[in-house]
Amino acid sequence: MSSAAARHERRNDQYRLAVVLGSVREGRFVTTVGDWFARQAGRRDDVKLDVIDLARPDGDGRPFGERIDAADAVVLVVPEYNHSFPGPLKTAIDSLKPEWRTKPVGFVSYGGRGGGLRAVEQLRLVFAELHAVTVREVVSFHDAWSEFGPDGEPVDATAARAADGLLDQLAWWAFALRRAREDAPYPG
């Protein structure tokens, strides 16, 4: 098969993307950010979407671990709390181990002036230990509460381009790692 034919075949394929809403606080903003990102991902032909709300992780009847295990890639929508990420998110991540192995993980972060990036940097360390691959592109909202209009859309149109960049990288890793897992078991 030519590389052009292989690219076309992959374009027509879908990867299973789990989008995890990583906050359970009352009055949380994660649903605004997460719903927006899910809409961005849902517009793509190469994505089969599963949105997991940590406030209701078994919301569709399947356990959290089963949903992560079924995913080819994961995006965490994560706020920054006290220069880190939320404790319930850490608990959810730590409740699984083999389900994360060889999965690409991306981040959509938000917060005050730091935009959640300190939380993302700490999460990269956690996922390295779990043998997951974190992608380089991040969607980050600084002073997030002022970055979204009443319609739930970002006021800055560049956010959609950032989401596309993240989703493009996730697609590459999701297909590459899925093929690798099919070809040989991971030695870690």
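Expressed as a rounded percentage, what relative contact order does the chain have, with Cα pairs under 8 Å and six or more residues apart?
Details: 316 pairs, mean separation 39.5, N = 188.
Relative CO of the chain lands at 21 percent.
For the range 54-167, what does the accessible surface come to per residue with a 1.4 Å probe? Please give it in Å². Intermediate results must be reported in sequence, preceding the final value.
Working: 5130 Å² over 114 residues.
Dividing the accessible area of the range 54-167 by its residue count gives 45 Å².
Please report, in Å, the Rg and the Dmax of the chain, where both are computed over Cα atoms only.
When restricted to Cα atoms, the chain yields Rg and Dmax of 16.1, 53 Å.
By the gyration tensor of its Cα atoms, with a ≥ b ≥ c the square roots of the eigenvalues, what is the shape of the range 12-55: rounded for a/c under 1.5, prolate for a/b over b/c, or oblate? Don't jump to the answer; show the numbers that get you there.
On the way: a/c = 5.41, a/b = 2.25, b/c = 2.41.
Oblate, because a/c is 1.5 or more while a/b does not exceed b/c.
Are there any helices in the chain, counted as whole DSSP H runs, that stretch 15 Å or more along their axis by Cα and score at least 1.6 on average by Kyte-Doolittle, and if so which?
Numbers: long enough: 30-42 (17 Å, 0.02); 117-129 (19 Å, 0.52); 158-183 (38 Å, -0.23).
Span-like helices here: none at all.
Among the aspartates and glutamates, select those whose C-alpha is under 14 Å from the C-alpha of residue 97, and discard any that sit fewer than 8 residues away in the same chain.
The reachable aspartates and glutamates, counting only those whose Cα sits under 14 Å from residue 97, are 66, 69, 129.
Nearest 20 debye, what's the magnitude of the dipole of the chain about its Cα centre given +1 on Lys and Arg Cβ and -1 on Asp and Glu Cβ? Show your work: numbers first, answer last.
On the way: 25 positive and 28 negative charges, 78 e Å.
About 380 debye.
Hey, any idea what % of the chain's accessible area is carbon plus sulfur with a 1.4 Å probe? Numbers along the way, then the final one.
Details: 4770 of 9460 Å².
Carbon and sulfur atoms account for 50 percent of the accessible area of the chain.
The values are calculated or read from the model by the stated rules, or taken from the named source; none is laboratory data. A quick note: this is a predicted structure, and the numbers were derived from the prediction, not measured. Note that we place each Cβ from the backbone using ideal geometry, even for glycine, and neighbour counts take in every protein chain shown. These accessible areas exclude ligands, DNA and RNA; they are computed on the full protein's heavy atoms, side chains included. Shrake-Rupley method; radii C 1.70, N 1.55, O 1.52, S 1.80 Å.
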